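Asks: Here's a structure for you.
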Amino acid sequence: MQTEQITETQKENKKQSTWRTAVSALLIFIAVPATIYLGWKFADRQHYIVSLLIILYSMVPFFLMYEKRKPQARELVVIAVMCAIAVVSRAAFIWAPHFKPMTAIVMITGIAFGATAGFLTGAVSGFVSNFIFGQGVWTPWQMFAAGIAGFLAGILMHKGILKKKRLHLCIFGGLTVMLIVGPLLDTSALFTMASGISWESARLIYLSGLPVNAIHATATVLTLFFFSKPMLEKLDRIKLKYGMMGD
């Protein structure tokens, strides 16, 4: 009887996780890009409104984890601490252009606490850190790009595709920045900085973005190489000790 109850609980948890993932994907891949585009097209310089909407979108699937129970303060505090670490990791290298370990910290959060927590951490960290680096029409794009990094890390870890091995994480981090995060930020430059969108302007922006993305990827790989193992071990102990949830 007890085994049957455990099985039913596992099935219910799996169904809830699938539902949260579907809601997250809908908001992240449809609502967020649509909001960024509409904000750029029809609400020039209203980047604060767009940024806050992205944070609200990212909070919806995160709080769906607590649909059957109240969130405990310590669970929210841990996510807030990870956001703070991500912001500090970016600010600490303000003297080194484009060398920002923040993306790696966001990935570690997604791996430890799930895709929704990863996206939320990325979005909030991108927004808050820009009070240091400067807010602008690029802020929603940076929030989206950082959030995607955390979301993908959480999804791939949940599916068993990504392993908590240093080499796996470094390869994943480098490729994600070069193929997804970097091109997203380059697309931001294309829409917000280019005088006109054409094949020539796109080619120039994406090519000029390669060295920048390579530096960003290097920072991500080095951070994952040196800090992923100790941070994930500590975060796993916190999850076990306090019974914290993840996707």
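The values are calculated or read from the model by the stated rules, or taken from the named source; none is laboratory data. Given the structure is predicted, the values throughout are model-derived calculations rather than measurements. Heads up, the Cβs are rebuilt from the backbone with ideal geometry, glycines too, and the neighbour counts pull from every protein chain shown.
Asks: Yes or no: LYS159 within 20 Å of ILE105 (Cβ to Cβ) and among the basic types (Lys, Arg)?
Replies: For LYS159, the condition - within 20 Å of ILE105 (Cβ to Cβ) and among the basic types (Lys, Arg) - is not met.
Asks: In this structure, is VAL221 closer than 25 Å to GLY39 by Cα and β-branched (Val, Ile, Thr)?
Replies: no
Asks: Among the residues of region 30-48, what is the count of those that are out of contact with any helix residue (DSSP H, G or I) (no Cβ under 6 Å at 6 or more places or on another chain) and at pLDDT 85 or above?
Replies: 3
Asks: Answer with yes or no whether ILE215 is outside any helix (DSSP H, G or I) and of a type in the set (A, V, I, L, M).
Replies: No.
Asks: Might you let me know whether region 192-202 holds any residue that is crowded, with 16+ Cβ neighbours inside 10 Å and under 22 Å from MET143 (Cβ atoms)?
Replies: no
Asks: Applying the selection to region 138-189, what residues are β-branched (Val, Ile, Thr) and either in contact with an Asp or Glu (Cβ under 8 Å, 6 or more places away or on another chain) or assigned to a helix (DSSP H, G or I) (or both)?
Replies: THR139, ILE148, ILE155, ILE171, THR176, VAL177, ILE180, VAL181, THR187
Asks: Looking at (1) free of Cβ contacts under 8 Å to residues at least 40 places away in the same chain; (2) farther than 17 Å from VAL177 by Cα; (3) within 15 Å of the chain's Cα centre (by Cα), find the lone condition where GLY118 falls short.
Replies: So GLY118 meets the others, but not (2).
Asks: What are the residues in region 109-137 that are outside any helix (DSSP H, G or I) and crowded, with 24+ Cβ neighbours inside 10 Å, if any?
Replies: GLY114 - this is the single residue of region 109-137 that is outside any helix (DSSP H, G or I) and crowded, with 24+ Cβ neighbours inside 10 Å.
Asks: To continue, here is another question. Specify the residue that is modelled with the lowest pLDDT; the eligible residues are those in region 216-247 that are aliphatic (A, V, I, L, M), over 19 Å from the mean Cα position of the chain (by Cα) and surrounded by 13 or more Cβ atoms within 10 Å (Cβ to Cβ).
Replies: The qualifying residue modelled with the lowest pLDDT is MET244.
Asks: Please go through region 138-152 and pick out each residue that is crowded, with 24+ Cβ neighbours inside 10 Å, free of Cβ contacts under 8 Å to residues at least 60 places away in the same chain and touching a Leu at 6+ places or on another chain (Cβ under 9 Å).
Replies: GLN142, ALA145, GLY150
Asks: I'm trying to understand the selection: among the residues of region 198-247, which are in contact with a Ser or Thr (Cβ under 7 Å, 6 or more places away or on another chain) and of a type in the set (Gly, Ala, Ser)?
Replies: none
Asks: For residues that are closer than 20 Å to PHE29 by Cα, buried (at least 22 other Cβ atoms within 10 Å of the Cβ) and among the aliphatic types (A, V, I, L, M), tally how many sit in region 166-184.
Replies: Residues meeting the conditions: 2.
Asks: Another question about this same structure. Given VAL106, VAL88, which one is part of a helix (DSSP H, G or I) and closer than 17 Å to GLY154 by Cα?
Replies: None of the other options fit; the residue is VAL106.
Asks: Within region 66-85, identify whether any single residue is modelled with pLDDT of 80 or more, more than 16 Å from the chain's Cα centre (by Cα) and part of a helix (DSSP H, G or I), and answer yes or no.
Replies: Yes, that holds for at least one residue.
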